[in-house]
Structure formats: structure tokens, C-alpha cells
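Undergrad: Before I ask anything, let me first share the structure, which is written out below as C-alpha cells.
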Amino acid sequence: MNFDSYDLDPAVFDEMFGSDGTPHPHCEDLYDTLGSMSSADLSAIGEWVTRSFTNEGITFTVYGDDEETERIIPIDSVPRVMSATEWGDLTAGLKQRLSALNRFLEDIYGEARIIADGVIPADMVRDCPQYRLEMRGFRAPHGVWVAVCGTDLVRTNDGFRVLEDNLRVPSGVSYMLAIRKATKSAHRLLYRLSRVRDIENYGLILARTLRELAPEGRSDPAMALLTPGIYNSAFYEHMFLARQIGADLVEGRDLLVEDGYVYMRTTSGLRRVDVIYRRVDDDFLDPLVFRPDSLLGVPGLLHAARLGNVSLVNAPGTGVADDKSVYAFVPDMIRYYLGEEPLIQNVETYLCRRPEDLEYTLDNLERLVVKRVGESGGYGMLIGPHSTAEERNEFAALLRADPADYISQPTLALSRAPCLIEGRLEPRHVDLRPFILTGAETRIVPGAFCRIALRRGSLVVNSSQGGGGKDFWVLDD
Amino acid sequence: MLSRSAAGLYWMGRYLERASHLSRLLRQQTESLADSPPRDIYFGWHRIYGALDREPLSGALELDSDDLFALVDSFALADDLTFEPTNPDSIRSCFAQGRENARQMRHHISAEMWTCLNQSHLRLQDMEMQDIWVRSPENFYAETAAEIDTFRGVTSSTLYRDDAWHFVQLGNYLERVQLSASLLMAQISAVHLFEIPADAYWTSLLRHYYAFEAYNRASSAAIDPDRVLGLLVTNPQLPDSLSLSVAELCTELAAIGAGPDTEATARTRSQAEYLRQLVGVEWPGGADGHALLGKIGDGCRQLHHLVTKTYFDYPVLAPDQGRAGRHDQ
């Protein structure tokens, strides 16, 4: 197998090769191994990895697709690798960022000093749909509002940048673990020689984190993972994690609140629940507080959490901190709360609520990425360089109608990594979602869900829109 | 164990037993297509549809003495029971529902169990009747039954013996008793309808229960309907007999332990004991035998209702009614 048809673009960072066309030092073993394999061997590995996902039913659900709701995420069997030194720098930046975000949440639902001190405008926070008035005065256990964070990182020639913080119900960690299991088996010799850092203890670390956040006096807490149910796109992950952490996988109808305590219905009667790792959005969590028509939640759940009788992980209301407008202020939060300079930079962001930013955005639509602040999953966005004039006109009208609902960012040249495409190694754009866990301390397993834009030239990595995944290896130095 | 999880595992056990039962019946039936006279073929279909309490899609079953018609009808009937999407009791539907329950409860079952079941589901998913008919339908049914047997073996080897195990087994045995009672009643009715007693009708039943050799050992090879039924109902050593299945059912129920309401638990266990008594008596034969099987079927339905109300869907006491059934852990 060779890289003859692999085209390098000096404007785009390549995860395998330097600008001179030689592999990065930490990629040499992978380069040599791929070079020694035939196209048929590599394709066979790819097919085996995909088949193992099919047999094990590692699926995600696509909304609105009646014909086939369960799908297998496309897996690329060529791992992306990173040196321990680079990883160390990244983790320091991720921990710094999450620490500031937790301080921000504690602050805005409490004294709101950051607003009083003029660091972030009050309307930016209070007009955000994810800001939950109901959470004011709430005391999160140990001040941890966000215990599980999945931060999306992209790399350009200028280094890593945070694309977004996922602070509500970040998903993808089950794919990280499942892809590792399959890839490790497929490349076992390379894996051994490369001294890849282990990620298999993620479940243990998550369980430990959740236990650390249990209500006071509950030394052996009963834990549950609250899922919206089988039709949720991430149901496989919910089931997988429940198993990993030894928690019951519950739906809202399995729980009830009585006298300020949460119970689940078991075959031997009602049993108290201490920690709920909830994978249900805020809106649906408690019909007495949020959406009254929700059938997915538990009436009285927030009351029990307020009393400190149950810990909700992540706490409701965290979405305000990963809002696409508030995102622009995270570097300021880091300076304000920690007195430090951000270790990982943001992507330059134009807030269309500001007249000058709106004007700039409208003038440069063909060069920018425009995102609706309340959307995720790659929906509600315009990628200027890949758009048609008609699409740009449509977005211009939307921007003028409700500018506060949009931000824009320069179109980044996301880094590329080699992927096996129809029997050949070709570069594809990738991003990275590491998972950061915070309980009594902050921990990060040395791995991440690496998403790929499988279509040539595409920048959209979301699995719901044709993206795939590959393994990500952190190598010991 | 979470009540909904227990219910899911219980239903997984029931659906897979139903798929296994029907696969074995259809295996027997399609084997008979090669050399049996049309009358025997129609007897077989009557027995199957009677046991399932289902009307064929085309309406009532009518005897056609033409070989070709018997085969064409058999194709449509087998399709109805194997792949028909509107038939909730077809083999594919039962598999899909068993697999769906397993999917929702994957955190309670072993990875090996899931993979085994999922692979069978994937095999069945895109098949059509034509695919199996042109080759060997009896092999397809034999493979399907064997896959469920493999799943049971994997379950036995890998599943921790906690409530998850007990509820799977409970569903499995309760379904088996109920289906068996229904099949034996259908056998008696069909024999009566077709008037002429034929050994083949009874030997195929014995084979369905893997009981042919056991019967021969005990009965000098002469086929006597009452002795056949007596063996299948009351023999405690025959793996699929009602007697042994009810005994296993009682064992699983006892292992689950007390539910939230001790009185409800006692009623449930008492109902299982009632079933044990029914299958423990000497086979009465004749009309009394048919009536006994009816009582066993009714008893199963009542037991299912009690299990549901005791463990899955029990009423939660209001605060002023005390805190019974509540525990801190």
C-alpha cells in the first residue's frame, strides 16, 4: 500500500505528514505498517471492523428515516496518532477550559459577578434560551455543574482550536471505546509496537466521577442513567455506558419523586436513587419545571436535586455555557476566573447581534461559516465556500430577520488524516472530541472520538450527515 | 432489578420460545411435504393454526386432494407463519421482538448473548419465503431452532445468575407451558376432526417434543394417543414436558424472591403451584384430558397476569398508606 495518490495541501495541516512530505516522527511506525500492507489487506481489515460493528449492533438512530432507523457509523480502520507531549499540552488546555466554564455556571446562577464586572453582557446570558431561570440559587455538588464534557477540537496550521464545548449531554464516547476495541484487534502488532495509551478504564473513571458527586452521606450511591429511550439516536451509548458504570438504565416512567427523594421501580419495590447521569435534555427533564408536556422526564426531579437528595449529572442549565454566542467569551472567562491566558484558542467568532459583525458577515458570506446559535449536529449552518448563491441569499435574509440568532466564523482548513477510501489512502478532514470528566478532580482518558468528513473536500463530520469515525491513538514518548 | 428491565427480559424469553416452538412445528410440517398425502399435510396445518388460534390469511383451511394445490397452499401458509409482517406471531416477528427486548436490555445480558441473537436477526431480516422454499425449508426451520438453542446455551454459559437470568427463564417456561397446552388441545381437536386415527399424527407430535425415542423405550412402539399425551404432560424426565416445564417455572419464581407486596407474591407462587398440581396427576384421557389442558392454558394466562402485577406493574402506595416495599440501599 502506498501513498502515491495521497495529495498534500500546504494550506491544510496533515496529521500524518509534515509540509516536506515526510511522516511526523510519531507517525513513522504507522506509515511503515501501512506501506507494508497490500490494498486488499487493508480493505479486509476495514471490512472486518465494519462487520464487527454490524454483528455487535453498534448503531445510532437517524431521525425521520423510516426505512432504517438503526445505522452503523462508517468506520475507517486507519488510526490517527498523536504524541504524548502534544496530548499533554491539549489536556492542560481542556482542564483549564472546563474549570473556567464550571466557575462561570456557578457564578451566573449565583451572584453573577462576571456580568456585574462587565466581562460579559447581561443580555448575552439572560437572552440565551439555554439560560434556566429556574436554576438560580442552585448548588451543584462540589460546584461541579459540568461533570462530563465533550469538547470539539480542530487543528489548522496554526495549532488546535476549540470549535465548541458540549456541556449538556455530549455523546460519542461509546464509539471511541468501540472503535478502539475493533481497531486494536485489527492492528494488534502495530498497536503493541506503538505503545498506545489505554482508554479502557473510561467506564471506571466515569463511575468514580459520578460517585464523587453523590449527595452527602451516600457512600455507596445507587446510580442510574436516564435515557429518553430506544428511539433516541444515542440509545446504544446510553446502554453501553450504563453497563460500563454498573448503573440501571432508566426512563422517566421508571422513576418517581416522593417526599423529595427519587425512587426507581424495581421488582422488589421502590429503591432510592442517588446519582442520575441524565442523557435527557433540560426541556424534558421535569415537566413541573420545564416543558409541561414532557413524557420523558420525572415530575419533581428538580425539587429533589435542589434539596440535595439526588445529584443530576450534568446539572440542568449548563447549555448556556456552550451556547454559540457565549462561546466567544470563554477566553475572557478563563482570564476572569483563573487569571490565566487560554492554553487552547477559540475560533474567531463574529456575533451577528453586533451591527458591525452582522455587516461583516453579510459582506463575506462566501468565505464564512454561519451557524444558528441554538442548533447542533451540523444542522442550521451555511458553509460559505461550499454554498450556492441561492443558499447565501436565503441565509442573508435569515440573518437580517434575527441577527442575534446567528454567529459566523472563518472557514477553517480542518486538518486531514489518511483514510481508506475505496481501496486507496486519501486525506479526509477530521476533528477530535476528547471527553473530560470532573468530580473531586478532573480526569481525561488519553483518547477521543475522531470524526471524519468522508466525502472528499467536505468539512461536515457529523455522523447524522454522512460523517464517520476512526480510532485516535496517543502514543507514549 | 428495575421492573421494566425485568419485563423486557421476561418478554425476550417468551418471544424466543415462541419462535423456537413455531420453527420446530414448521420443520415437521415442511418435512412432511415431500411424501405425505394431502390429507396428512392438511392435518398438520390444522394443528398448527389451531394451536396458534389463528385464521389463515386466505380464510378457513379446506382440504384439497390435489398434490399440487396442497404444496401451493403450504407455501402461502408457511409464509404467513414465517415472514408475514402483519402476523405478530410469525417467526420473524417473534425474533424481531425478542431481539428488540434484548436491545433495550443489553446492559443486563452478556455481550455474547447479544451478538448471537443479533446475528440470527440479521440473517432473517432480509429473507423471503421464496429464498427458503426453493432450497430446503425444513433446513431453514431446523437452523432457526438450532440458533435459538445456541442462544440458550450461550445464555446458560454467560449470564450471571441474578434476577435477569430468572426472569428470562420464567418467560421461557411460562411460554412453553402455554404453547404446549394449546398445541396438545389442537392435536386432540384435529384428530377428532380428521376422524381416522393415524400413527403419523402422533409420531410427528412426539418428534416435535424430542420424545419419540423416550416413548418407544417406555411403550413398546405401539402408538396409543393417551399414552403419548400422558408422556408429554406428566413425565417429569422429558425435557419439554409440561410437568418439567412447570417445575422449572416454580423454581425460577421461588428464586426471584419476594416482590414489593408479600401477599401478591404469595398469590403468584400459589398460582404456579396450582399449575404444578394440574400437570402432576395421572393423564385422565378423553374429554377430561382436553378439559385439563384448557385449565392449564387458562392457568398460564392467569399466572402471567399475576407476574405482571406483582413485579412489573404493581401499584405504588401513596405516602399515607405507609412505606411498604420501599428500601434504601
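The values are calculated or read from the model by the stated rules, or taken from the named source; none is laboratory data. What you see is a predicted model, and the numbers here were worked out from it, not measured in a lab. Don't worry about glycine lacking a Cβ; one is built from the backbone with ideal geometry, like all the others, and counts go over all protein chains shown. When the accessible area is computed, the model is the full protein with side chains, heavy atoms only, and any ligands, DNA or RNA have been set aside. Shrake-Rupley method; radii C 1.70, N 1.55, O 1.52, S 1.80 Å.
Undergrad: Within the range A:181-191, is there a residue that is farther than 26 Å from A:L343 by Cα, at pLDDT 95 or above, open to solvent by less than 40 Å² (accessible area, probe 1.4 Å) and not aliphatic (A, V, I, L, M)?
TA: no
Undergrad: Here is a further query. Which of (1) in contact with a Leu (Cβ under 7 Å, 6 or more places away or on another chain); (2) under 30 Å from B:H290 (Cα atoms) is the odd one out, the single condition B:M113 does not satisfy?
TA: Every listed condition holds for B:M113 apart from (2).
Undergrad: Also, quick follow-up: For the range A:358-415, please list each of the strands (runs of 3 or more DSSP E) lying entirely inside it that holds at least 1 residues being touching a Gly at 6+ places or on another chain (Cβ under 9 Å).
TA: A:368-372, A:406-410
Undergrad: List the number of the failed condition for A:T442; all other conditions in (1) open to solvent by 10 Å² or more (accessible area, probe 1.4 Å); (2) over 30 Å from A:V313 (Cβ atoms) hold.
TA: (2)
Undergrad: Being surrounded by fewer than 19 Cβ atoms within 10 Å (Cβ to Cβ), closer than 29 Å to A:T91 by Cα and out of contact with any helix residue (DSSP H, G or I) (no Cβ under 6 Å at 6 or more places or on another chain) is the filter here, so list the residues in the range A:341-370 that pass it.
TA: A:E341, A:Q345, A:V347, A:E348
Undergrad: Considering only the range A:286-305, state which residues are within 26 Å of A:I120 (Cβ to Cβ) and modelled with pLDDT under 95.
TA: Result: A:V289, A:F290.
Undergrad: Only one of these conditions is not met by A:T318: (1) modelled with pLDDT of 95 or more; (2) at positive phi. Which number is it?
TA: Unmet condition: (2).
Undergrad: Do we find that A:Y327 is surrounded by 21 or more Cβ atoms within 10 Å (Cβ to Cβ) and assigned to a helix (DSSP H, G or I) in this structure?
TA: So A:Y327 passes the test.
Undergrad: So if I check each of A:E348, A:E391, A:E375, which one is without any contact (Cβ under 8 Å) to a residue 12 or more places away in the chain and either under 16 Å from A:D165 (Cα atoms) or under 18 Å from the mean Cα position of the chain (by Cα) (or both)?
TA: Only one candidate passes the filter, namely A:E375.
Undergrad: Further, regarding this structure: List the helices (runs of 4 or more DSSP H) inside the range B:166-279, counting only whole elements, that have at least 1 residues being within 14 Å of chain A (Cβ to nearest Cβ) and buried (at least 18 other Cβ atoms within 10 Å of the Cβ).
TA: B:242-256
Undergrad: Residues being more than 7 Å from chain B (Cβ to nearest Cβ) and surrounded by fewer than 20 Cβ atoms within 10 Å (Cβ to Cβ): count how many of those fall in the range A:252-279.
TA: Residues that pass the stated criteria total 3.
Undergrad: Still on this structure, I have one more. Given the residues B:D126, B:D149, B:D131, which is the only one that is over 23 Å from B:M1 (Cα atoms), at pLDDT 95 or above and not basic (K, R)?
TA: Unique residue meeting the criteria: B:D149.
Undergrad: What number of residues within the range A:237-277 satisfy the criterion of being in a strand (DSSP E or B) and closer than 17 Å to B:Y160 by Cβ?
TA: Residues meeting the conditions: 3.
Undergrad: Mind listing just one residue for me: the one in the range B:87-124 that is more than 14 Å from every other protein chain (Cβ to nearest Cβ) and polar (S, T, N, Q) and, of those, farthest from the chain's Cα centre (by Cα)?
TA: Checking each candidate, the answer is B:N87.
Undergrad: Follow-up question, since we're still on this one. Determine which single condition A:F104 fails, assuming it passes every other condition in (1) of a type outside the set (D, E); (2) in a helix (DSSP H, G or I); (3) exposed (fewer than 13 other Cβ atoms within 10 Å of the Cβ).
TA: All conditions pass for A:F104, except number (3).
Undergrad: OK, next. May I ask you to list the residues in the range B:146-165 that are among the aliphatic types (A, V, I, L, M), touching a residue at least 12 places away in the same chain (Cβ under 8 Å) and part of a helix (DSSP H, G or I)?
TA: Hits for the range B:146-165 are B:I148, B:V154, B:A164.
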